[in-house]
Structures are given as structure tokens and as C-alpha cells.
1. Net charge near E247, counting Lys/Arg +1 and Asp/Glu -1 over other residues with Cβ under 13 Å of its Cβ?
2. Tell me what the chain gives for mean residue ellipticity at 222 nm when only DSSP H runs of n ≥ 4 count, each as -39,500 (n - 2.57), the sum divided by the residue total, rounded to 500 deg cm²/dmol.
3. With springs only between Cα atoms under 10 Å, which of R234, R278, R311 fluctuates most in a Gaussian network model of the chain?
4. Nearest 20 debye, what's the magnitude of the dipole of segment 217-350 about its Cα centre given +1 on Lys and Arg Cβ and -1 on Asp and Glu Cβ?
5. Determine the equivalent ellipsoid of segment 147-346 by diagonalising the alpha-carbon gyration tensor, then write out the semi-axes as square roots of 5 times the eigenvalues, largest first, rounded to whole Å.
6. Give the value in nm², to one decimal: projected area of the alpha carbon convex hull of segment 12-145, averaged over all directions.
7. Once amide H atoms are built 1.01 Å from N in the peptide plane, which residues 5 or more positions from V151, or in another chain, come under 5 Å H to H?
8. Specify the residue with the greatest mean-square fluctuation among T110, T27, T302, computed from a Gaussian network of the chain linking alpha-carbon atoms under 10 Å apart.
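Read-outs: derived from the displayed coordinates by stated rules, not from any lab. Everything numeric in this text was worked out from a predicted model, so none of it was measured. Cβ placement follows ideal geometry from the backbone for every residue including glycine, while neighbour counts extend to all protein chains displayed.
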Amino acid sequence: MKSKQEFKIKMDDAAYQNEILQHVSRTFALTIPQLPKSLCKVVANAYLLCRIADTIEDDKSMSAELKREYAERFIAVVRGDEAAEGFADGLFPLLSSTATEAEHDLIANTSPVIRITHSFNERQRAALERCVSIMAEGMVRYQDAETLDGVADLNDMGQYCYYVAGVVGEMLTELFCDYSPEIDAQREELMPLAVSFGQGLQMTNILKDIWEDHERGACWLPRDIFNKHGVDIRDKTPGKMDEGFNEALIELLGVAHAHINNALRYTLKIPASEKGLRRFCLWALGMAVLTLDKIRQKPDFTTGQQVKISRRSVKTTIFFTSLFVRNNLILNYLFRFSGRRLPMADIHEKL
């Protein structure tokens, strides 16, 4: 792996942000450019801040104490209370060799990312600072729960999803409200739906990545749901689970599907004239529904690759959601049709 100095950029801050985004997230590199130009820069920056926090939490060589220290230091950096360069100088040599080259690159170049963060208006900065603070503190809180035992119950799973995704939904909503007075007028209705939006996407990732997480010693499945079906998730083994495991998995698909349905309600509240904002949301939701459907059809999958949607499915999702981006009636139909094989849980959301 290269030294920190070898990663130093030779381009302006905005160019670096656009370049590194291509390497740390192909999905967001695809969806963020759909946003209005004035939102692209701040949402891309927000994603990179979250990715730095995630890199700290995911590192395999750092102790819990060091993760806590650097999570707190990163919060201070985002707030402007600590210099980004000193933070990066300390964190970079601690990164595990299992961290990707793009993650090393991002940490080495924390300073240009933070310079962009500090260029935003007061409301935008407040939204980013709040998100990073809650996410980093929540990740530290749950790092001790990263075992094969899973989490206690569905509420606990929901709390974890809030820290890593629901709070991102709140942040994005605040940024959308700052961008549009028309959206801002619906802020109180949108905020709870935004949390559900984040949980739906995060649950989809958790369910798709069950066995990859298992391999690295982690499990975010709720024990109460599996216990109800006679399954001790601590003993789960890929390809060797009985029908009770599949039934519990399908029950969780219903919960995730209900959150995705709330996320569609959120998206359709965005003015139809804001086609870029709608596409940004719809593409992610469409791919999530198709992933849940693949899991429903093959609940005995043993790797995430087996339930990964095809490039053709991605292109189809993009085509149809873009074609009907302004038509709420047809969009509702498309999502009902795509999720026709999925259960729909009653998640008791007061939305």
C-alpha cells in the first residue's frame, strides 16, 4: 500500500471529490449526478463524510478504544474544532491492510473533503454535522454488538439502521428542504418517512449480505424473529438452514418492503417538477425492491452474489422510473408489480 504522501492529490478539491466518489461508491456515483447541480456538491460531500466514519468503524486492526477516539476526533473535524490534516496523519497509518486503496486515498485526503464541507451554508453544515455526529457515535455504540449473536429484537435492528442509514435520510431531507421552499413546507411530513426510507435500504443490504457479514463475524439479524421460528441464529451456517430460517427471513422481507413502501410515499411527495430529486430516490428504491424479490425467490441463498440484481435489471429500473418520473399513478403501479411476490408487514408507523 502506498504512503499517505503518495496519495496526496494534484487537483482542486471539487475535482478530487468527484474523482474519489467513482471509486468508493459506484451506486452513488450513478445517482448523485441526477440531482440539481446545487445539490450535487453537498450530497457528494455528505456521502464522503459518512464513508470516512464508516471506514473507522469497519477497520479490522483498530481497537474499540482507538475507533472511539477517532470517531470523536472526526466529529470535531467536521465541526471545525480540529484540523483535518492532523486527524488524517494519525488515522492513516492505523488503517488495516484490508481497507481498500480508495479508503486509504479518502482518509489521506480528508483535508480537501473538509474544506468543501466548510464552504456550505449554515443550514447545510448543520445537517452534515448532525448526521456525522449521530452516525459516528452510534457506530461506536454498536461495535461491541458486532458478533454472530445478532441483535436482540426488531426494535434494536431498527435502532442500528437509524444510526447508519435513517439519520442519513434525515440529513438528505434537510438538504432538500434547504434547496426547495416547496419541499421545506412539507418537512414535518417528510422527516419520519425519511427515517423509514433509510431503514428500508439498510435492511435490504443487511438481508443481502447475511453470509458475508457472517464470514467476518457479524450479524445484524434480530434474535426474537428467528427464535419465534425455532432458530438460534448463532448456529446458522450457509446452505444448511431449515425452513424456520427461511420463514424468519421472509418475515423480515415484509418489514423491509413496508419501509420501502414508505420511502416511495416520501419520493412521491417531492414535487413532480423536481425530476432529478425523484430519480435519485427512485433508482435506489427500484433496485432495493428487486433485490428483496430475488431473496424472496431464493431464501436459501448462500452468498450475496446469488441475489444480486443483474445489470439488465438496473438498466430497466433506470429506464422505467425515469420515463414515468412525474407520474405518481404509474410509479405506484410499477412498485406494486415489482414487489408482488413480497409480503408487506404492518410496521405500525405513525406517518
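1. -2
2. -21000 deg cm²/dmol
3. Among R234, R278, R311, the largest mean-square fluctuation in the Gaussian network model of the chain belongs to R311.
4. Computed about the Cα centre, the dipole is about 820 debye.
5. Values: eigenvalues 188, 71, 35 Å².
In descending order, the three semi-axes are 31, 19, 13 Å.
6. Approximately 7.8 nm², given one-decimal rounding.
7. Here the answer is L221, R223, since their amide H atoms fall under 5 Å of that of V151.
8. T27
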